[in-house]
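Peer 1: Just dropping this structure here.
The values are calculated or read from the model by the stated rules, or taken from the named source; none is laboratory data. Nothing here was measured: the structure is a model prediction, and the numbers come from that model. With ideal geometry, Cβ positions are generated from the backbone for all residues, glycine too; neighbour counts draw on all protein chains shown.
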């Protein structure tokens, strides 16, 4: 169907459109018009992706000079593939409607592990190994050495790509990872490097967050992307944590030991090279005296995305004399390393700010701030000069040098916490130095600065105003859309009491209480008796789940539940969990269904969808607060309070509620889907908690379902399930495809005149109606 | 760490956790007991390299690698003499060359390369630059000054925050107490029925809560001048970077319909838009279950 969004002709590959999709596109269009950033929330299952894609592509076609590229960031490979499939559908629709083959190039990019077609390299199991092996075959100096020694191993795909691949651009079309691999095999080109090269001129790039947010990767892949791009972060409810993780550094004793080995290797290599090829070191030295001019020119001309690890001051100056020669730099690293080792030898927890750390390091080992700041850049230069093949081996020393640069560059927004042991095992010495970033805006700042529009979108972004605050940007649009439903297919219930009127809560004081645990058990038992097919239950933590399940076993509740359904449990082991998931789905397909016990913030709660019968009910046992005793969290909360005026409790509640919403949102993945959402904690009834749920869930919580007992909840659930079990015709939920019907269904359907008129207007523009009016 | 030990008596940290390793200028370790035993007279030779050592120069080993201890020791000594600052040089390049020279001296001394000559060079330098060294000794480098400043700021910020939180809590406590007292007074004196008073009290308490909430929200750190400059910060005289930003200009929308003109309101009924799409039979319509 063709749509008119404020004068923009949008091709939409489906014959019908939901009102919320229309409003979503409208907001999106306004954001693009204003060349600003936007925060948009729309429930999952309402076609967020296709709305985004069709509008932005229409915009790109209408104003090819205003928006040149769409960068679509998603979280996981399956999600990336899903986006590409939608895109393919849209592109087919375009060529069908316009009759001409369009010259859009869209492609997905992932790591070497997912894209490599070299027979030996691609068979390796871990991403790091693949990267290292690939690097040892394709690094520039390795290839230079091959001129003199043709016996060295070679990746023929890369050679082929390097020889001809750059001259011929990738033909227009939509490529997912498999398409790229096929194309690579056909041509004999390396798909990974082809994709990395092609994203520069592609119209649409779909890849993972990390390619933009992780400074190390972004520097390699994304720094040359055009300024006039639209960046979309999908499923962005966790984006602040991604930012923080990408800037934080954790240093353990093992890292330091590996780093020590690295430094020794460096020293030996330097010795060797000095004897054989001293000119090379001299050349590097000369370059360093000149300063990092090249990088500076590139940044000034605005070719590159800024890199938070390479601050601007560095580029304008030459490397300080203290670390200019290779030996001195190795000595410097050694001193820094020994200093870190001595810091890790603490007996009690230390928390200090970056300035304190710098002062201490100057007093102890006479290291100034300036050489520290250049450390990361200097190490890269040295590694390049020494022509060390296996970069993966040097990850430890790279980490340390990044840490050195960060700690000396940012005096605010970071904290250093040294813990001699883990909280759970106070007798086992396992010292860790957490250099933790507390300000997510540091990592994402270059993205907001560089690209003209950044869209942050997800199914659960409530409360909307907190994201601009913690990411420190000014959005031009912020909107939350609800789901229009033909029947209320979601039923949120807040169970606050057990049948014996004991308050249900996972708060610290009552979590060991037998009555609470028993009531939770009863809730699950009763639900397992009435809910068909799958139930997913989320606990607040692994420890809590273990305790509860153990005591359910003792009380015989588990046995009773197992009369109704099979039970599967998520564990911290990824392989075990995926096995459990597989079996759970098998059990849902057959017989009486199953129960999956899992943990909020775990793997299941984030990426797995429980469509239709895989999740007919989600039970959230307790409020999933983070572990509040963690020092890193405390430091972050303090920082949020001081810098952004966000109070601790607000942030904690916000964080807990976004995870709760993620968990319960797993069950509803579309309008034909239906599911119970049971919040089993009396604290959910409070306005401050409830108000932080997404609008589309909040709307369906009425006063009657605020503080239910288990029995009452069962009654309501029974009623709801019986209603939902009635045969349900697609036509009634979604406007029909035939022209005449479409108009009036819209009008009758919602009953609201304004709304009806808008849809009417919409439908008019769709060509199918022309005949009818004439 | 546990496998570190004294090279002479072979005691290790593992066997004797209270073992204290000492290191002298030559960079070789000995444990405290061996030092006591060997250097009873106050001086002696190193067991490993035969360098004459003084007992008073023995330090507790800070780092795992004793050469680092040695290097740091030497570095501190060298830096006391070579303490020129970047503003003592006409260009950054020369300063960097100077730094490298210092680094060379430290490297030579640590690795026992050309020690005599290097020492001579140092002495000569010291003689030549006596005044400068004396002058620079008193001042900190610019970077260190910055650091000190930051630390001071941090301290003050912490203190201030603590006081603020304390005051805030006090105020809230008092307000709540006053509210409660007011309720008691009213219950005692007022003619109104108790339920109304209680309801009023409830409303007042809620208002108080919201007020407190609002106050919390509006609390702003007061370490900023109104111009946005931090108090007690050295003000740089650089021009403030101007933010060039095109303001969003709203243009009224012009709807391009790709079809016939949209019908007027009154036309809708006439053209049959409001009719139901379903054609119901007479029987159905008569039943009254459907309309239209």
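Peer 1: Only one residue in B:160, B:170, B:156, B:191 is loosely packed, with under 11 Cβ neighbours inside 10 Å and within 39 Å of the chain's Cα centre (by Cα). Which one?
Peer 2: Exactly one of B:160, B:170, B:156, B:191 is loosely packed, with under 11 Cβ neighbours inside 10 Å and within 39 Å of the chain's Cα centre (by Cα), namely B:170.
Peer 1: Let me ask you something else. Within region B:49-61, work out how many residues are assigned to a helix (DSSP H, G or I) and within 11 Å of chain A (Cβ to nearest Cβ).
Peer 2: Number of matching residues: 0.
Peer 1: Which one of B:71, B:64 is within 13 Å of chain A (Cβ to nearest Cβ), farther than 22 Å from residue B:126 by Cα and in contact with a helix residue (DSSP H, G or I) (Cβ under 7 Å, 6 or more places away or on another chain)?
Peer 2: Among B:71, B:64, only B:64 is within 13 Å of chain A (Cβ to nearest Cβ), farther than 22 Å from residue B:126 by Cα and in contact with a helix residue (DSSP H, G or I) (Cβ under 7 Å, 6 or more places away or on another chain).
Peer 1: Residue A:405: over 24 Å from residue A:212 (Cα atoms), surrounded by 17 or more Cβ atoms within 10 Å (Cβ to Cβ), away from chain B (no Cβ under 11 Å) and in contact (Cβ under 8 Å) with a residue 40 or more places away in the chain, yes or no?
Peer 2: Answer is no for this residue.
Peer 1: So, residue A:47, is that one within 14 Å of another protein chain (Cβ to nearest Cβ), closer than 27 Å to residue A:694 by Cβ and crowded, with 18+ Cβ neighbours inside 10 Å or not?
Peer 2: When the stated conditions are applied, residue A:47 does not pass them.
Peer 1: Does at least one position in region B:108-118 carry a residue that is within 15 Å of residue A:368 (Cβ to Cβ), in contact (Cβ under 8 Å) with a residue 24 or more places away in the chain, surrounded by 13 or more Cβ atoms within 10 Å (Cβ to Cβ) and within 14 Å of another protein chain (Cβ to nearest Cβ)?
Peer 2: No - not one qualifying residue is present in region B:108-118.
Peer 1: Residue under question is residue A:380, and the condition is that it be outside the structural domain of residue A:642 (by the TED database), surrounded by fewer than 18 Cβ atoms within 10 Å (Cβ to Cβ) and part of a loop (DSSP other than H, G, I, E, B); does it hold?
Peer 2: For residue A:380, the condition - outside the structural domain of residue A:642 (by the TED database), surrounded by fewer than 18 Cβ atoms within 10 Å (Cβ to Cβ) and part of a loop (DSSP other than H, G, I, E, B) - is not met.
Peer 1: Please go through (1) closer than 26 Å to residue A:711 by Cβ; (2) at pLDDT below 90; (3) buried (at least 18 other Cβ atoms within 10 Å of the Cβ) for residue A:692 and return the number of the only condition it doesn't satisfy.
Peer 2: (1)
Peer 1: Take region A:442-462 and flag every residue that is surrounded by 20 or more Cβ atoms within 10 Å (Cβ to Cβ) and not in a strand (DSSP E or B).
Peer 2: Scanning region A:442-462 gives A:442, A:443, A:444, A:446, A:447, A:450, A:451, A:459, A:460, A:461, A:462.
Peer 1: Residue check, residue A:371 against (1) modelled with pLDDT under 90; (2) surrounded by 17 or more Cβ atoms within 10 Å (Cβ to Cβ); (3) closer than 30 Å to residue A:641 by Cα, all met but one. Which one?
Peer 2: The number of the failed condition is (3).
Peer 1: Also, quick follow-up: Restricting attention to region B:140-160, which residues are free of Cβ contacts under 8 Å to residues at least 40 places away in the same chain and either within 12 Å of another protein chain (Cβ to nearest Cβ) or under 22 Å from residue A:320 (Cβ atoms) (or both)?
Peer 2: The answer is B:140, B:143, B:144, B:145, B:146, B:147, B:148, B:150, B:151, B:154, B:155, B:158.
Peer 1: Pick from B:137, B:176: which is surrounded by fewer than 11 Cβ atoms within 10 Å (Cβ to Cβ), touching a residue at least 24 places away in the same chain (Cβ under 8 Å) and assigned to a helix (DSSP H, G or I)?
Peer 2: Going through B:137, B:176 in turn, just one is surrounded by fewer than 11 Cβ atoms within 10 Å (Cβ to Cβ), touching a residue at least 24 places away in the same chain (Cβ under 8 Å) and assigned to a helix (DSSP H, G or I): B:137.
Peer 1: Scanning region A:2-21 for residues that are more than 14 Å from chain B (Cβ to nearest Cβ) and within 29 Å of the chain's Cα centre (by Cα), which turns out nearest to residue A:97 (Cα to Cα)?
Peer 2: A:13
Peer 1: Scan A:55, A:107, A:9, A:32 and give me the residue that is touching a residue at least 40 places away in the same chain (Cβ under 8 Å), assigned to a strand (DSSP E or B) and surrounded by 22 or more Cβ atoms within 10 Å (Cβ to Cβ).
Peer 2: None of the other options fit; the residue is A:107.
Peer 1: Now for a separate question. Identify all residues within region B:90-105 that are buried (at least 19 other Cβ atoms within 10 Å of the Cβ) and either more than 10 Å from chain A (Cβ to nearest Cβ) or over 32 Å from the mean Cα position of the chain (by Cα) (or both); write none if there are none.
Peer 2: B:105
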